[in-house]
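The values are calculated or read from the model by the stated rules, or taken from the named source; none is laboratory data. Every value quoted in this text rests on a predicted model; they were computed, and no experiment measured them. Don't worry about glycine lacking a Cβ; one is built from the backbone with ideal geometry, like all the others, and counts go over all protein chains shown.
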Amino acid sequence: MNNYVKPGATRTWTNGTGSAVSSGDVVVVGQQLAIASVDIANGASGEVTFEGEFEVPKVSAAVIAHGEAVVWDVSAAGFDDNAATPATGDVSNAAIAAEAVGAGVTSFRVQLANRLGAVT
């Protein structure tokens, strides 16, 4: 096979968000969620990862069940439970909770599976 480039779990992304992204930040790439593998300045390119389990920010008030599809809340810069009503720019159905967490918790583990979500 002479057209193989590399595995699809990690890809190069050009940051057009208007601000720098730090390694470990959640980024929206089209209809997908990814985690920045490196610090990426605005306008620069760097590797982001679309598959795996990651410790990420959570909306403090959210109560999330293990296995629940979660919503990336862009304005809160954290994941919310699936009862949340997505606002403009939020991404639904692109990640699932890898553990159960209650209100008051501000980070938890999610599983990304390199799949398309729905952007509101």
- Please verify whether segment 37-49 includes one or more residues that are among the acidic types (Asp, Glu) and not in a loop (DSSP other than H, G, I, E, B). yes
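Can you find, within segment 101-112, the residue that is nearest to VAL27 (Cα to Cα) among those that are hydrophobic (A, V, I, L, M, F, W, C) and surrounded by 13 or more Cβ atoms within 10 Å (Cβ to Cβ)? Spell out the reasoning first.
Initial filter on segment 101-112 (hydrophobic (A, V, I, L, M, F, W, C)): 101, 103, 105, 108, 110, 112.
Then keep just the ones that are surrounded by 13 or more Cβ atoms within 10 Å (Cβ to Cβ); that gives 101, 105, 108, 110, 112.
On the way: VAL101: 22, VAL105: 21, PHE108: 17, VAL110: 14, LEU112: 12 Å.
Selected residue: LEU112.
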- Item | Among residues of segment 68-81, those that are surrounded by 17 or more Cβ atoms within 10 Å (Cβ to Cβ) and either among the β-branched types (Val, Ile, Thr) or farther than 19 Å from GLY52 by Cβ (or both), counted | 7
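Within segment 49-63, does at least one residue satisfy the condition of being β-branched (Val, Ile, Thr) and more than 21 Å from ARG11 (Cβ to Cβ)? Please lay out each step first, then the result.
The initial filter retains those residues of segment 49-63 that are β-branched (Val, Ile, Thr), namely 49, 56, 59, 63.
The next check asks that each one be more than 21 Å from ARG11 (Cβ to Cβ); those that pass are 59, 63.
Within segment 49-63, one or more residues are β-branched (Val, Ile, Thr) and more than 21 Å from ARG11 (Cβ to Cβ).
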- Message: Can you tell me which of (1) in contact (Cβ under 8 Å) with a residue 60 or more places away in the chain; (2) out of contact with any Gly (no Cβ under 6 Å at 6 or more places or on another chain) is the one VAL91 doesn't meet?
- Response: (2)
- Checked segment 98-109 for anything among the small types (Gly, Ala, Ser) and either free of Cβ contacts under 8 Å to residues at least 24 places away in the same chain or part of a loop (DSSP other than H, G, I, E, B) (or both); matches are ALA98, ALA100, GLY102, ALA103, GLY104
- Check GLY8 against each of (1) surrounded by 14 or more Cβ atoms within 10 Å (Cβ to Cβ); (2) in contact (Cβ under 8 Å) with a residue 24 or more places away in the chain; (3) assigned to a loop (DSSP other than H, G, I, E, B) and name the one condition it does not meet. (1)
- Based on what the data block shows, is ARG115 under 15 Å from the mean Cα position of the chain (by Cα), assigned to a loop (DSSP other than H, G, I, E, B) and not acidic (Asp, Glu)? yes
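Only one of ALA84, ALA95, ALA62, ALA34 is modelled with pLDDT under 95 and either in a strand (DSSP E or B) or surrounded by 17 or more Cβ atoms within 10 Å (Cβ to Cβ) (or both); which?
Working: ALA95 fails: modelled with pLDDT under 95; ALA62 fails: modelled with pLDDT under 95; ALA34 fails: modelled with pLDDT under 95.
On inspection, the qualifying residue turns out to be ALA84.
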